[in-house]
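Trainee: Quick one: this structure, given as structure tokens, is what I'll be asking you about.
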Amino acid sequence: MRIRTFDQYQEAYRHSVEDPEGFWAEIAQEFQWRKPWKRVLQWNFEEPNVKWFIGGKLNITENCLDRHLKDKADQPAIIWEPNDPTEPTVTLTYRMLYDQVCRFANVLKRNGVKKGDRVCIYMPMVPELAVAVLACARIGAIHSVVFGGFSAQSIADRINDAQCSVVITSDGANRGNKQIPMKDTVDDALIGCPSVKKVIVLTHTRTAVAMLKGRDVWWETEMKQVTAECEAEEMDAEDMLFILYTSGSTGKPKGVVHTCGGYMVYTAYTFQNVFQYEPGDVHFCTADIGWITGHSYILYGPLASGATSLMFEGVPTWPDAGRFWDIVDKHKVNILYTAPTAIRSLMGFGLDYVKGHDLSSLRILGSVGEPINEEAWHWYDDNIGKNRCPIVDTWWQTETGGMLITPIAGITKTKPGYATLPLPGVQPLLVDEAGKEIEGNGVSGNLCMKFPWPGILRTTYGDHERCRQTYFSAYPGLYFTGDGCLRDEDGYYRITGRVDDVLNVSGHRIGTAEVENAINMHTGVIESAVVGYPHDIKGQGIYAYVIAENDTDHDVDLVRRDILATVSRIIGPIAKPDKIQFVSGLPKTRSGKIMRRILRKIAEGDTSNLGDTTTLLDPAVVEEIKAGALVEVKA
Ligand code: WT7
């Protein structure tokens, strides 16, 4: 399963295309199955219907935990670095993690959770979050982790969509010098969530919380009531493992569904190869487990590989902008996997924060979540990797489960800004607007996939038609990624960004429609249109054009701040617009469609050539918008 040379990569790639079933069966055999599969793959991209390792039975936690007890029981599985560097690190060996997962699995059972039930997890980045996730998987409950930055309303939407019966949370979270309430936010959410019967609350920040009799129980108290033995539930390869909500160009976020067998094989295979993981390596992925990167490359991929995964509760800039480098030095990190937005932000603080930290343990650097600009790539290469660590710019999505287009560290020749080449099993193609394949090199188009890989999403929870519609209908027979892409003369892929109405703000995926809906909830707002614009640190910033009622009682700055507060309340602080421009109208076609192309250009500050505006209902509105000041809002 290990690729060691570029020739082996090419050989593996060829094998994966000529005989995908044989290729993946060989890899899957390295895992522990209760029963072998009868057939490797069945698929069509029309319904869509994709099944891997059909008839195979397993439990992913036996692969992530039990399997390693023979020879790695005392090896650290998780190293936890707290928010406050003066507080002690927590190390969970594979044995300790196994015991805790079994215990908490028993806690879940005690609280009525059964195979197939949905459990919402809203927690800070603490070891117990890993325990909670794996405990669900152990008993076959489907976890739905909600990122700690989302609002009560967003939690409620997700709980209701999946009909979760239990929520796992903590009193609060530490974030730099701030404490963030968690249980309070869950309490607000649960006002509208009749499906929830129990809330399990971890004591973490020791802040006071309301505990409701009959519904709320303490993590610590529950853990004392159970044993550390819990037989793993036998799962079908295609049973659901988890739901993770992600934003699209329309409507509410959808619940991307991943299943047990294929996801396990794919995350472990990609983890080991892309990072060229060696036994004993310390792997530090800075993502939050609330996103797919954390699911796949803090938890499942590394643990299914018997690796040591470092989890960090805090932020990169507290107590100062040297925190990442302090952690790398302290724990002798070998593999660092982070996002361009973090690199750009730290770059801005200067090299003084890098100096004085021994970064010589680093062997491999990774980047994920958004296009990495050349300046950030070189800064990372020069100052963190000291020009001796390969950078893997990994392109993938919540829906893909794991990395699809990426260099293999030290094996694929890298090129700044390029995700380079597809991994074995991945068959990308570029298509034009009409869906016609664009062949050859030195071309660009919309990025699609023509063949399934084991980690591909299976459905969107509770609404299979939405899955078909979103990913498999734009170009029949293909999976459409939503990204634009360039393939250069060397056949290298460069992702150019979303071609749909999805923004990528600091690596967070946000739908423009979602933000518009939230803005429109503000009492004084008549209509709004949201677009992205280039932002030095965030990659993209959120620009909102707002038609507001004529409010003579409040000044515009206050109205602006109220809009931000409204968006925070409806979605969460990550979706707050960076700029709000009040306008008297929006550029619409005669059929009432907003011409976002024009709004995007104005937001980018490029008003010289707005293209054809003759189809607009009222071209004068464009002049007004152009003349309007671009106001940055702080809140
Ligand atoms: C979107 C997926 C991949 C896990 C984290 C984000 C963008 C992701 C890259 C990259 C350029 C990238 C794409 C993609 N993206 N990685 N290396 N280079 N763009 O997962 O929230 O599902 O977002 O992030 O636009 O479609 P996600």
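Trainee: Can you tell me how many residues within the range 423-434 are at pLDDT 95 or above and open to solvent by 30 Å² or more (accessible area, probe 1.4 Å)?
Mentor: Going through the range 423-434 one residue at a time, the tally reaches 1.
Trainee: Kindly provide the set of residues from the range 277-331 that are assigned to a loop (DSSP other than H, G, I, E, B), open to solvent by less than 10 Å² (accessible area, probe 1.4 Å) and within 18 Å of Leu241 (Cβ to Cβ), ordered by number.
Mentor: Correct list: Ile289, Gly290.
Trainee: Within the group Thr400, Thr412, Thr420, which residue is at pLDDT 95 or above and touching a helix residue (DSSP H, G or I) at 6+ places or on another chain (Cβ under 8 Å)?
Mentor: None of the others qualify; the one that does is Thr412.
Trainee: Take the range 413-422 and flag every residue that is closer than 19 Å to Thr5 by Cα and either within 14 Å of the ligand (Cβ to nearest atom) or buried (at least 22 other Cβ atoms within 10 Å of the Cβ) (or both).
Mentor: Residues satisfying the conditions are Thr414, Lys415, Ala419, Thr420, Leu421, Pro422.
Trainee: While we're on this one: Tell me yes or no: at least one residue of the range 152-159 is in contact (Cβ under 8 Å) with a residue 12 or more places away in the chain, under 28 Å from Met235 (Cα atoms), part of a loop (DSSP other than H, G, I, E, B) and open to solvent by 10 Å² or more (accessible area, probe 1.4 Å).
Mentor: no
Trainee: Now a separate question. Does Thr481 satisfy being surrounded by 22 or more Cβ atoms within 10 Å (Cβ to Cβ) and farther than 24 Å from Ala28 by Cβ?
Mentor: So Thr481 passes the test.
Trainee: How many of the residues in the range 506-521 are within 15 Å of Asp483 (Cα to Cα) and small (Gly, Ala, Ser)?
Mentor: 2
Trainee: Can you pull out every residue in the range 24-45 that is under 20 Å from Gln276 (Cα atoms) and in contact with a Pro (Cβ under 7 Å, 6 or more places away or on another chain)?
Mentor: Hit for the range 24-45 is Trp24, nothing else.
Trainee: Does Pro340 fit the bill of being under 29 Å from Phe242 (Cβ atoms) and free of Cβ contacts under 8 Å to residues at least 40 places away in the same chain?
Mentor: So Pro340 does not fit the description; no.
Listed here are the residues, each with its yes/no results for (1) under 26 Å from the mean Cα position of the chain (by Cα); (2) free of Cβ contacts under 8 Å to residues at least 60 places away in the same chain.
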{"position": "Glu30", "(1), (2)": "no, yes"}
{"position": "Trp37", "(1), (2)": "no, no"}
{"position": "Phe45", "(1), (2)": "yes, no"}
{"position": "Val50", "(1), (2)": "yes, no"}
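Trainee: Could you list, in sequence order, the residues of the range 589-605 that are open to solvent by 50 Å² or more (accessible area, probe 1.4 Å) and either of a type in the set (Lys, Arg) or without any contact (Cβ under 8 Å) to a residue 12 or more places away in the chain (or both)?
Mentor: Within the range 589-605, Arg590, Ser591, Lys593, Arg597, Arg600, Lys601 meet the criteria.
Trainee: Among the residues of the range 124-136, is any assigned to a loop (DSSP other than H, G, I, E, B) and surrounded by fewer than 24 Cβ atoms within 10 Å (Cβ to Cβ)?
Mentor: Within the range 124-136, one or more residues are assigned to a loop (DSSP other than H, G, I, E, B) and surrounded by fewer than 24 Cβ atoms within 10 Å (Cβ to Cβ).
Trainee: Considering only the range 515-548, how many residues are over 14 Å from Leu586 (Cα atoms) and over 27 Å from the mean Cα position of the chain (by Cα)?
Mentor: The total comes to 3.
Trainee: Right, another one. Going by the conditions given, is Ile495 under 30 Å from Gln427 (Cα atoms) and either part of a helix (DSSP H, G or I) or of a type in the set (A, V, I, L, M, F, W, C) (or both)?
Mentor: It is true that Ile495 is under 30 Å from Gln427 (Cα atoms) and either part of a helix (DSSP H, G or I) or of a type in the set (A, V, I, L, M, F, W, C) (or both).
Trainee: Let me ask you something else. Please specify each residue of the range 481-514 satisfying the condition of being out of contact with any Leu (no Cβ under 8 Å at 6 or more places or on another chain) and farther than 14 Å from Glu370 by Cβ.
Mentor: Hits for the range 481-514 are Leu486, Asp488, Glu489, Asp490, Val499, Asp500, Asp501, Ala513, Glu514.
Trainee: Here is a follow-up. Counting only residues that are closer than 26 Å to Trp377 by Cα and in a loop (DSSP other than H, G, I, E, B), how many does the range 428-449 have?
Mentor: Residues in the range 428-449 being closer than 26 Å to Trp377 by Cα and in a loop (DSSP other than H, G, I, E, B): 2 in total.
Trainee: For a quick check of your reading: which strands (runs of 3 or more DSSP E) sit entirely within the range 170-224 and have at least 2 residues that are at pLDDT 95 or above and open to solvent by 80 Å² or more (accessible area, probe 1.4 Å)?
Mentor: So the answer is 178-181.
Trainee: Would you be able to tell me the number of residues in the range 481-496 that are within 11 Å of the ligand (Cβ to nearest atom) and of a type in the set (Phe, Trp, Tyr)?
Mentor: 1
The values are calculated or read from the model by the stated rules, or taken from the named source; none is laboratory data. Owing to the predicted nature of the structure, the values given are computational and were not obtained by experimental measurement. Virtual Cβ from ideal backbone geometry, glycine too; neighbours counted across all protein chains shown. Keep in mind that these areas ignore ligands, DNA and RNA; they rest on the heavy atoms of the full protein, side chains included. Shrake-Rupley method; radii C 1.70, N 1.55, O 1.52, S 1.80 Å.
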